[in-house]
Amino acid sequence: MSGQEWSELPAAELCRVVVQNISPAVDAGLFPIKRTVGESVVVEADVFADGHDAVACDLLYRGASESHWRRQAMQPLGNDRWRGVFVTEQPGTMLYSVAGWVDPVATWRTDLLKRAAAGQDLRVELLRGAELVRQAATRATGEDAEGLRASGDRLADVRADPTARSAAAQDEALHALARRYPDPRQILEHGPPLAVEVDRERARYSTWYEMFPRSAAARADTHGSFADCEARLPYIAAMGFDVLYLPPVHPIGTSVRKGPNNEPSVDAADPGSPWAIGSAAGGHLALHPELGSLEDFSRLATRAAQLGIEIALDIAFQCSPDHPYVREHPEWFLTRPDGSIQYAENPPKKYQDIYPFYFETNAWRELWRELAHVVEFWLEQGIRIFRVDNPHTKPFALWQWLIAGVRRTHPEVIFLAEAFTRPDVMYRLAKVGFTQSYTYFTWRNTRQELTSYFTELAAAPVRDFFRPNLWPNTPDILPEYLQFGGRPAFMVRLVLAATLGANYGIYGPAFELMEHVPREPGSEEYLDSEKYQLRHWDLDRPDSLRDFIARINRIRRENQALQSDRRLVFHACDNPQLIVYSKTTADLKNAIVVVANLDPRHRQSGWLELDLGALGLAEGSVFQAHDLLSGSQFLWQGSRNLVLLDPAHAPAHVLRLRQRTRSERDFDYFL
């Protein structure tokens with residue numbers, strides 16, 4: 001070759017098709033996307049080939065344990081982009097891919113139509129088509145093979161009427177059948193396949209209530225128990241919650257125990273922080289003696305389930321100085337130069353009552369196995385939801401390994417990541433397996449902040465791996481907005497959390513009783529925080545928000561549009577103190593518009609500019625806007641409408657839209 005060095009030639013069966021840019025895909029398929037049972041996965045890809053030949057492509061999908069792909073023909077969107085859809089069926093992992101090929105029968109059919117339109121002789125082309133169809137028959141079996149051979153014979157029959165042969169060449173059934181049996185040498189399957197983690201419905205739609213069991217006693221200054229929690233279940237169920245999240249329920253260390261307001265304990269009666277796990281009574285596999293036994297815990301979970309409530313437990317991988325692990329496995333902790341064990345701190349804050357695990361220990365394998373054993377133990381007790389404390393302070397690889405191991409045998413398990421940290425870290429935790437994630441919602445207050453943040457969460461690629469769970473307050477966070485906004489602030493933040501997010505929760509009873517006093521000015525810590533002392537709550541206070549919360553949660557249950565995060569649209573308003581957004585079902589039969597006054601002190605009004613197309617309404621149409629909070633009904637027409645919200649009475653509208661029928665409009669005319 002004239003001295004030129006050439007690499008080895010490709011195989012004789014050269015595949016001409018290209019398959020690329022598959023979506024959805026998280027980091028080019030490095031991590032799975034997320035869906036819940038019954039949700040659709042809309043897959044798109046670029047599929048093309050050299051030249052002008054027609055191409056075809058199939059969406060391939062199957063369960064991870066299945067050996068054969070299910071196939072579905074993808075439809076062209078134009079400009080070499082194709083789309084297919086499959087529906088998830090059960091919790092677990094599903095795989096999907098795209099296969100493309102040059103389709104000679106489709107190419108022949110297209111060219112035949114052009115030749116016929118030009119009045120050209122089709123005899124040779126019909127024989128060519130017969131040859132292609134017979135080749136497809138050799139790759140088929142049974143009735144399909146017989147049908148293709150018969151079609152080939154009809155095309156090749158020169159004695160038949162030319163018009164009949166041309167009509168046979170355009171038979172849709174023939175081309176659909178031939179498409180099913182392409183030349184395998186021409187098929188390119190994109191690999192490796194992409195994955196979707198399919199969760200149960202509660203991963204997509206859940207309503208959480210957080211409560212400290214030790215503060216559930218009916219009498220003040222009495223340590224609560226699981227029996228007290230059981231007695232409170234009807235109260236929680238009446239508000240419409242379906243997940244009851246309990247902070248750590250394990251024995252609490254006594255060494256350097258923290259007292260009220262996170263000060264060093266000076267009273268032997270101080271209960272300490274539940275997150276300082278472990279004492280002589282046991283560690284992560286034990287229960288606090290004053291809460292009760294495993295039998296008591298099981299009875300609580302059973303009674304909760306009867307009321308439609310699922311128990312979520314806290315997983316906090318850390319220890320008090322009195323935890324058995326500290327004595328039995330000192331190698332799992334970091335020893336400082338002075339010989340003491342490193343306690344937790346976030347300078348200048350110090351948490352001397354907590355020892356974090358040292359994940360760079362040479363004994364990390366044994367540590368990981370023990371932490372997995374903790375989760376396995378609570379799985380054996382029937383727990384299927386875990387809220388994980390500060391997962392961002394543990395290795396990503398640990399969570400990827402642990403969660404994948406759990407889901408192999410228990411795909412129904414839900415892990416909520418409590419990580420208020422940098423966006424990339426929060427997103428990485430979601431990618432490696434966490435089912436749901438805490439968010440920055442707690443600190444997003446203005447219309448611009450809320451719109452920008454939730455637009456990001458609702459758009460690809462974030463929506464494919466990150467499921468937000470919105471909390472207006474937590475035991476660690478009393479936001480400034482709630483400290484100074486009064487009752488309207490609590491109400492509007494509840495409306496926002498419950499309607500912006502399909503998953504949301506509150507820390508109660510602090511929320512419904514509007515606990516708002518900080519430990520000191522500028523702090524987000526509660527004064528007399530329940531984290532460090534017992535609290536007695538008057539659940540029957542006349543100013544409680546319990547009825548308002550129940551109404552919000554009933555609205556969520558009765559409107560499917562609010563049970564998903566995938567169709568959130570923000571609408572324009574000329575007043576920046578008003579935020580307007582909608583959620584709809586895919587068929588647009590359920591459309592909810594929320595208008596909220598973000599100013600908790602002053603009445604605000606403004607003109608809305610609704611995107612009627614996003615709501616399934618025609619331009620200029622007349623429709624009813626039924627406020628599900630107040631019961632009021634408004635008759636609106638077109639996209640521009642006026643609203644007025646006084647926070648002292650109603651800080652928000654939650655409007656269900658319904659287009660008025662022709663007969664209703666005629667009746668209005670005659671009136």
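One table, with the values for the structure above:
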item: Total residues in region 613-635, condition assigned to a strand (DSSP E or B), out of contact with any helix residue (DSSP H, G or I) (no Cβ under 7 Å at 6 or more places or on another chain) and open to solvent by 20 Å² or more (accessible area, probe 1.4 Å); result: 5
item: Lone unmet requirement of (1) under 30 Å from Glu39 (Cβ atoms); (2) open to solvent by 50 Å² or more (accessible area, probe 1.4 Å); (3) β-branched (Val, Ile, Thr) for Val243; result: (2)
item: Members of region 337-377 that are of a type in the set (Asp, Glu), in a loop (DSSP other than H, G, I, E, B) and within 21 Å of Phe396 (Cβ to Cβ); result: Glu360
item: Residue pairs meeting the criteria (Cβ under 7 Å; at least 6 apart or on separate chains; first without any contact (Cβ under 8 Å) to a residue 40 or more places away in the chain, in region 486-507; second aliphatic (A, V, I, L, M) and in a helix (DSSP H, G or I)); result: Arg493/Leu482
item: Failed item in (1) under 22 Å from Trp399 (Cα atoms); (2) open to solvent by 30 Å² or more (accessible area, probe 1.4 Å), with Ile311 passing the rest; result: (2)
item: Residues (in contact with a Lys or Arg (Cβ under 6 Å, 6 or more places away or on another chain) and surrounded by fewer than 13 Cβ atoms within 10 Å (Cβ to Cβ)) located in region 59-102; result: Gln75, Leu77
item: In region 445-464, the residues that are touching a residue at least 24 places away in the same chain (Cβ under 8 Å), surrounded by 15 or more Cβ atoms within 10 Å (Cβ to Cβ) and assigned to a helix (DSSP H, G or I); result: Arg447, Leu450, Thr451, Phe454, Leu457, Ala458, Val462, Arg463, Asp464
item: Meets criteria (open to solvent by less than 20 Å² (accessible area, probe 1.4 Å), touching a Leu at 6+ places or on another chain (Cβ under 9 Å), touching a residue at least 24 places away in the same chain (Cβ under 8 Å) and among the charged types (D, E, K, R)) for Arg185; result: no
item: Filtered residues of region 569-595 (kept if in contact with a strand residue (DSSP E or B) (Cβ under 7 Å, 6 or more places away or on another chain) and not aliphatic (A, V, I, L, M)); result: Phe570, His571, Cys573, Asp574, Asn575, Gln577, Tyr581, Ser582, Lys583, Thr584, Asn590
item: Scope region 144-176; condition in contact (Cβ under 8 Å) with a residue 40 or more places away in the chain and aliphatic (A, V, I, L, M); matching residues; result: Ala169, Leu174
item: Scan of region 313-344 for residues that are touching an Asp or Glu at 6+ places or on another chain (Cβ under 9 Å) and closer than 30 Å to Gly382 by Cα, ordered by number; result: Asp314, Ile315, Ala316, Phe317, Gln318, Ser320, Pro321, Tyr325, His329, Trp332
item: Candidate set: region 583-612, residues that are assigned to a strand (DSSP E or B) and over 29 Å from Tyr205 (Cβ atoms); chosen: the one least open to solvent (accessible area, probe 1.4 Å); result: Gly606
item: Only listed residue being among the acidic types (Asp, Glu) and under 17 Å from the mean Cα position of the chain (by Cα), chosen from Asp587, Asp574, Asp565; result: Asp565
item: Residues that are touching a residue at least 12 places away in the same chain (Cβ under 8 Å) and part of a loop (DSSP other than H, G, I, E, B), drawn from region 423-444; result: Val432, Gly433, Phe434, Thr435, Tyr438, Thr439, Tyr440
item: Extreme residue, farthest from the chain's Cα centre (by Cα), among residues of region 253-295 that are among the charged types (D, E, K, R) and open to solvent by 40 Å² or more (accessible area, probe 1.4 Å); result: Asp267
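The values are calculated or read from the model by the stated rules, or taken from the named source; none is laboratory data. Everything numeric in this text was worked out from a predicted model, so none of it was measured. Glycine also receives a Cβ, built like all others from the backbone with ideal geometry; neighbour counts cover every protein chain displayed. Side chains included, ligands, DNA and RNA excluded: accessible areas come from the protein's heavy atoms. Shrake-Rupley method; radii C 1.70, N 1.55, O 1.52, S 1.80 Å.
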